[in-house]
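Asker: Got a structure for you, written out below as structure tokens; questions coming shortly.
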Amino acid sequence: MSHEYEQVEVPADGEHITVDENDELVVPDNPVIPIIHGDGIGTDVGPAAQAVLNAAAEATGREINWMRVYAGEAARERYDENLPDDTVEALKEFRVSIKGPLTTPVGAGFRSLNVALRKKLDLYANVRPTYHLDGVPSPVTAPEKMDMVNFRENTEDVYAGIEFEAGTDEVQQVKEFVEEEMGFDSTIHDGPVGIGIKPITEFGTKRLVRRAIEYAIANDRDSVTLVHKGNIMKFTEGAFRDWGYELAEEEFAEETITEDELWDEYDGEAPDDVVVVKDRIADNMLQQLLTRTEQYDVLAMPNLNGDYLSDAAGAQIGGLGIAPGANLGEGRVLAEPVHGSAPKYAGQDKVNPSAMILSGRLMLEQLGWHDAAELVRDAVEAQISSKRVTYDIERQVEGGEKLATSEFADEIVERIHDLA
Ligand code: NAD
């Protein structure tokens, strides 16, 4: 039974994506897929991605029935609120959806809508594949060495939103509790203080690491690296590492070995059919991204590490205009580019829609439409290699020609028709 939508309509011709008893998606050839174009440049990249994904679906004998829903600025205009029930219900009911960026004010105003959405839909894993496409300029000399998939925990850590503002009664109570009852006397400097709480749970850690290991096994990847700062934050980030190893041993004993076992029992040569589970301290990992790129494959991280690390990794393969992502829950997917709403370029038909298009590609993979997903990747790669690109790439390649967002997307659509 459909939710009663107030201001949006369910497309008449589409069917629902459902799940089986294992929460695996069951996908018809004509699904309804909600889309939030988003704020700022979302109005440019949203329609561009829709056009490309339509072409890939049609070229492989399918049809996407888009259901436009609203959040942020566009929702304030229609509903006088940032995140209306219509939108949350549509994302829940239709299970797989895609969104553009949403603006979050810094320091004041409302909390991040992205964080709210991830919480409301319990999208606990943020997945960011980071691979290099031929022709994309990069600040490093061998960008093709990077082929990583980052799994970032999405619901806890310092992003839980448990924060107390300087000067309030609440922060004073927390300070007194910490100092007087818990015995951390004189640890916090006198004077105004803001305090945040960093919860890392066994439940949150294990479901994230499970997802990362399952992905590594299904996609024939060599390793999963737990990235943490457990040397300093022993009971939060250190616990993340310990629970990660524990999960691997409890649930994937046959399919995984630890890095210690790799050296003790296999002389550093992993058998083909196992995934090596290892861990790295976050600051070291940021160096290794650059210096030993090819040794990393799938990474699993708490929320904040994942935020920093996936932007750094994204820079190595060509920056924010390219980097795709998706948020995963049980039987639920919300694809979204890594970049934000870049307000200074909003509505100019100027920015690069590749990140949104490749987020759509990730969504197609989650639907099991691998042929359509490959068509999208091949077409974007061919387009960028042709040097007919948006401004951000054009200014970095010799002999490039600058296209508008919509022109760039139209040419990708043409390529999909030619490739199919
Ligand atoms: P941003 O990613 O919006 O933009 C930073 C810069 O990156 C831009 O000025 C532009 O030079 C470049 N850039 C970004 N996307 C591009 C594209 N598609 N093509 C070409 N160049 C591109 O980051 P910001 O300025 O820090 O954030 C702006 C707003 O977006 C903030 O309100 C922030 O909270 C929000 N944000 C939202 C999300 C999300 O919705 N998931 C993610 C990050 C930031």
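All of the numbers you see were taken from the coordinates with simple rules; none came from a lab. Not measured: the values here are computed from a predicted model. Note that we place each Cβ from the backbone using ideal geometry, even for glycine, and neighbour counts take in every protein chain shown.
Asker: Whole-Hz Karplus ³J(HN,Hα) for segment 386-403, in order, using 6.51 cos²θ - 1.76 cosθ + 1.60 and θ = phi - 60°, x for Gly and Pro?
Answerer: In residue order, the calculated couplings are 6, 6, 8, 9, 6, 4, 5, 8, 4, 6, 9, 10, 6, x, x, 10, 7, 10 Hz.
Asker: How big is the Cα convex hull of segment 177-293 in projection, averaged over all directions, in nm²? Please list the in-between numbers first.
Answerer: On the way: hull surface 40.4 nm².
In nm², the orientation-averaged hull projection of segment 177-293 is 10.1.
Asker: Please give me, ordered by residue number, the trypsin sites (Lys or Arg not before Pro) of segment 220-275 that lie in loop per DSSP and have at most 16 other Cβ atoms within 10 Å.
Answerer: Numbers: sites: ARG221, LYS229, LYS234, ARG241; in loops: ARG221, LYS229, LYS234.
Passing sites in segment 220-275 are LYS234.
Asker: Using the scaling law 2.2 N^0.38 Å as the reference, what is the normalised Cα Rg of the chain?
Answerer: On the way: Rg = 22.2 Å, N = 420, 2.2 N^0.38 = 21.8 Å.
This ratio for the chain stands at 1.02.
Asker: Within the set of other residues whose C-beta is less than 10 Å from the C-beta of GLY306, count the net charge using Lys and Arg as +1 and Asp and Glu as -1. Please report the intermediate quantities before stating the final value.
Answerer: Details: positive: ARG128, ARG152; negative: GLU153, ASP157, ASP307, ASP311.
With Lys, Arg at +1 and Asp, Glu at -1, the neighbours total -2.
Asker: I've got another one for you. In sequence order, what are the phi-derived ³J(HN,Hα) couplings for segment 339-356 according to the Karplus relation 6.51 cos²θ - 1.76 cosθ + 1.60 with θ = phi - 60°, rounded to whole Hz, with x for glycine and proline?
Answerer: Computed from phi, the couplings for segment 339-356 are 6, x, 8, 5, x, 5, 9, 4, x, 9, 6, 10, 6, 7, x, 4, 4, 5 Hz.
Asker: What dipole magnitude, in Debye to the nearest 20, does the chain give about its Cα centre under +1 on Lys/Arg Cβ and -1 on Asp/Glu Cβ? Intermediate values should be presented prior to the final figure.
Answerer: Values: 37 positive and 83 negative charges, 312 e Å.
Dipole size: approximately 1500 debye.
Asker: Would you mind checking which residues have amide H under 5 Å from VAL276's amide H? H placed 1.01 Å from N; only 5 or more apart, or other chain.
Answerer: Correct list: SER223, VAL224, ILE257.
Asker: Using all C-alpha to C-alpha distances in segment 359-420, build P(r) with 5 Å bins and read off the rounded percent in each one.
Answerer: That works out to 4, 20, 25, 21, 17, 10, 4, 1, in percent per bin.
Asker: While we're here: Per-residue ellipticity at 222 nm for the chain, helices alone: DSSP H runs ≥ 4 residues times -39500 (n - 2.57), over residue total, nearest 500 deg cm²/dmol?
Answerer: Working: 14 runs with 163 residues, N = 420.
About -12000 deg cm²/dmol.
Asker: Can I ask one more? Could you pull out every residue, at least 5 positions away or on a different chain, whose amide H is within less than 5 Å of the one on LEU403? Hs are placed 1.01 Å off N in the peptide plane, and Pro or chain starts have none.
Answerer: VAL389, THR390, TYR391
Asker: At each listed q (0.13, 0.17, 0.23, 0.24 Å⁻¹), what is the log10 of I(q)/I(0) that the Debye formula gives for segment 41-137 modelled as equal alpha-carbon point scatterers?
Answerer: For the requested q values the scattering log ratios are -0.59, -0.97, -1.39, -1.42.
Asker: Can you list the HN-Hα couplings for segment 145-152, worked out from phi with the Karplus curve (6.51, -1.76, 1.60; θ = phi - 60°), rounded to whole Hz and with x for Gly and Pro?
Answerer: 5, 8, 8, 10, 10, 9, 9, 10
Asker: Quick one: which residues, 5+ away or cross-chain, put their amide H under 5 Å from the amide H of ARG68? H built at 1.01 Å from N.
Answerer: It is ILE35, by chain and number.
Asker: What's the local net charge at LYS402, with K and R +1, D and E -1, over the other residues with C-beta under 11 Å away? Spell out each step's value before the answer.
Answerer: On the way: positive: LYS350, LYS387, ARG388, ARG395; negative: ASP392, GLU394, GLU401, GLU407.
Within the 11 Å Cβ shell, the charges total 0.
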